[in-house]
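The values are calculated or read from the model by the stated rules, or taken from the named source; none is laboratory data. It should be emphasised that the depicted structure is a prediction, and the values quoted were computed from it without experimental measurement. Please note: Cβ atoms are built from the backbone with ideal geometry, for glycine as well, and neighbour counts cover all protein chains shown. For the accessible areas, the whole protein counts, side chains as well, though only heavy atoms, and no ligand, DNA or RNA atoms are used. Shrake-Rupley method; radii C 1.70, N 1.55, O 1.52, S 1.80 Å.
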Amino acid sequence: MHLTIDQKDTEKFHMIGDKVLIKPKHPRKQTKSGLYLPPTVEQGEKIQSGYIIRIGPGYPLPSQTDESEVWKRKGNDEVHYLPLQAHEGDLAVYLQNAACEIRFFDETYLIVPHSAILMLIRDEGLFE
């Protein structure tokens with residue numbers, strides 16, 4: 001699925017639940033020996049990597065209540081979330097087949113569920 005968005009500001013993106021927005025790293029187009037790989041080989045890889053741009057709030061948790069009957073609850077209860085392990089700026093290694101691709105000003109981004117992320121590489125001094 002391809003989606004094209006016409007605004008420039010990724011800060012306006014709000015990820016839902018356990019979803020993560022990833023900017024994929026450019027895969028190697030050339031092997032170590034100098035052979036050029038066709039796009040079908042690169043797209044056929046099961047595992048990819050990319051940088052996390054935005055993260056969702058996490059997994060929603062059921063509300064804690066002392067009431068005996070949930071239907072008696074009064075007022076609006078705030079939703080609580082179990083936070084994700086991923087942080088913005090992390091390098092994520094993820095399963096390619098779980099990703100949904102979107103296009104944003106000729107840039108490719110992927111929406112990936114947190115459960116499809118296999119490993120995170122965090123470099124605290126990367127953006128300093």
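Annotations
- In region 82-104, the residues that are open to solvent by 70 Å² or more (accessible area, probe 1.4 Å) and free of Cβ contacts under 8 Å to residues at least 60 places away in the same chain: LEU82, PRO83, GLN85, HIS87, GLU88, ASN97
- Verdict on GLN64 being at pLDDT 75 or above and assigned to a loop (DSSP other than H, G, I, E, B): no
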